[in-house]
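The values are calculated or read from the model by the stated rules, or taken from the named source; none is laboratory data. All figures in this text were calculated on a predicted structure; none of them were measured in a lab. Neighbour counts are summed over all protein chains in view; Cβ atoms, including those assigned to glycine, are modelled from backbone coordinates with ideal geometry. For accessibility, only protein heavy atoms count, side chains too; no ligands or nucleic acids. Shrake-Rupley method; radii C 1.70, N 1.55, O 1.52, S 1.80 Å.
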Amino acid sequence: MIGIFDSGIGGLTVVKAIRRVLPAYQLMYLGDTARTPYGNRSQEKIYEFTVQAVDYLFKQGCGLVIVACNTASAEALRKLQQEWLPIHYPDRRVLGVIRPVVEVAVSQSRYGRLGVLGTRATVNSGAYERELRALDPKLKIWQAAAPLLVPLIEEGWLKRPETIKIARLYLRELKTKKIDTLILGCTHYPMLHKKFQSICGKNIKVLDVATIVAEKLKDYLNRHPETEQRLVKGTDHRFLVTDITDIFAKTASVWLGEDIRLEKVNL
Ligand code: DGL
């Protein structure tokens, strides 16, 4: 099984893309809906929660876990990969979302002027900037935190003028910097991809981050048959959450375009 972890239900954008690009594999989604959002939490808490979630998915039999949450990828992934994984599960793999997106951003950017939009924790961690500069130190990078967008998207306010107005406001500064590429550094933002693209105009490419993550995963599995062979095939996907509310259940089904059954678990 491929495990997909997010702080809440935003990671379903990644599930949707993985199902499209890698339809053969059985997926187990885990959303920490009881403790979402992570975006305004301390690094210590984000690390603690991420370890619990990844551990849970491994105990359910996942051979590989994708940390779909940008905040967790930014604040917890490196430490988890370097310190926790080798001791507890040396033969399993945990991948994040920042590295794959950054690789595509650098290769596609025309003038090396990049914008990153994310939660406060992701922006403050400097993770995107660090990874981008590691690939090309000459890049010009601007970041903006957009803390109001996650609750608006979760509320299902995807087409409301208020949401568009706020998105426009968050992008204003980045647009004045003449960026050529925008990274949507949060699981929820791909839900507004078309809106972001229309606000940005034709001179800025808004990356389809969920698809990038899925395609890079496909690439990874081709290069790592030892990991690929551990993954169960099938379509009996499971969707685990740490709390179930009507709004989560409804939004999750709307996002995936089908009715899904959420199962409540304790981490
Ligand atoms: N999943 C988070 C991310 O991608 C957004 C929601 C949150 O703040 O927990 O950054």
Report, ordered by the first and then the second residue, all pairs with beta carbons closer than 8 Å, sequence separation of six or more or different chains, a first member in the range 164-182 that is part of a helix (DSSP H, G or I), and a second member that is of a type in the set (D, E, K, R) and open to solvent by 60 Å² or more (accessible area, probe 1.4 Å).
-> Ile164/Lys195; Ala167/Lys195
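Across the range 15-45, what is the total count of residues that are assigned to a helix (DSSP H, G or I) and closer than 19 Å to Glu263 by Cα? Even if it seems obvious, please write down each step before you answer.
Of the residues in the range 15-45, the ones assigned to a helix (DSSP H, G or I) are 15-21, 43-45.
Pick out the ones that are also closer than 19 Å to Glu263 by Cα and you get 15-16.
The qualifying residues number 2.
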Scan the range 18-29 and give yes if some residue there is under 19 Å from His237 (Cα atoms), within 16 Å of the ligand (Cβ to nearest atom), touching a residue at least 60 places away in the same chain (Cβ under 8 Å) and surrounded by 22 or more Cβ atoms within 10 Å (Cβ to Cβ), otherwise no.
-> yes
Does the range 210-220 contain any residue that is free of Cβ contacts under 8 Å to residues at least 60 places away in the same chain and under 23 Å from Ile166 (Cβ atoms)?
-> no
Determine if the range 147-165 includes at least one residue that is in contact with a strand residue (DSSP E or B) (Cβ under 8 Å, 6 or more places away or on another chain) and open to solvent by 80 Å² or more (accessible area, probe 1.4 Å).
-> no
How many residues are within 22 Å of the chain's Cα centre (by Cα) and open to solvent by 60 Å² or more (accessible area, probe 1.4 Å) when one looks only at the range 166-189?
-> 1
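From Gln43, Gln60, Gln52, which residue is more than 11 Å from the ligand (Cβ to nearest atom), polar (S, T, N, Q) and under 21 Å from Glu129 (Cα atoms)? Quick ask: steps written out before the conclusion?
Details: Gln60 fails: under 21 Å from Glu129 (Cα atoms); Gln52 fails: under 21 Å from Glu129 (Cα atoms).
Checking each option against the conditions leaves just Gln43.
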Hey, can you tell me all the residues within the range 222-248 that are touching a strand residue (DSSP E or B) at 6+ places or on another chain (Cβ under 8 Å) and aliphatic (A, V, I, L, M)?
-> Leu231, Val232, Leu240, Val241, Ile244
Mind checking which residues of the range 66-114 are away from the ligand (no atom under 16 Å from the Cβ) and not in a helix (DSSP H, G or I)?
-> Tyr89, Pro90, Asp91, Arg92, Arg93, Ser109, Arg110, Tyr111, Gly112, Arg113, Leu114
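Which residue is modelled with the lowest pLDDT, if the candidates are limited to the range 4-17 and must be near the ligand (Cβ under 10 Å from one of its atoms) and among the aliphatic types (A, V, I, L, M)?
In this case the residue turns out to be Ile9.
Just to be sure, is Val54 under 22 Å from Val123 (Cβ atoms), in a helix (DSSP H, G or I) and among the hydrophobic types (A, V, I, L, M, F, W, C)? Spell out how you get there, then give the answer.
On the way: under 22 Å from Val123 (Cβ atoms): no; in a helix (DSSP H, G or I): yes; among the hydrophobic types (A, V, I, L, M, F, W, C): yes.
Answer is no for this residue.
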The range 127-138: number of residues that are crowded, with 18+ Cβ neighbours inside 10 Å and not charged (D, E, K, R) | 3
When the range 149-161 is examined, which residues are found to be assigned to a helix (DSSP H, G or I) and touching a helix residue (DSSP H, G or I) at 6+ places or on another chain (Cβ under 7 Å)?
-> Leu149, Leu152, Ile153, Glu154
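Evaluate the following for Met1: is it more than 15 Å from the ligand (Cβ to nearest atom) and open to solvent by less than 10 Å² (accessible area, probe 1.4 Å)? First the steps, then the outcome.
On the way: more than 15 Å from the ligand (Cβ to nearest atom): yes; open to solvent by less than 10 Å² (accessible area, probe 1.4 Å): no.
The answer is no for Met1.
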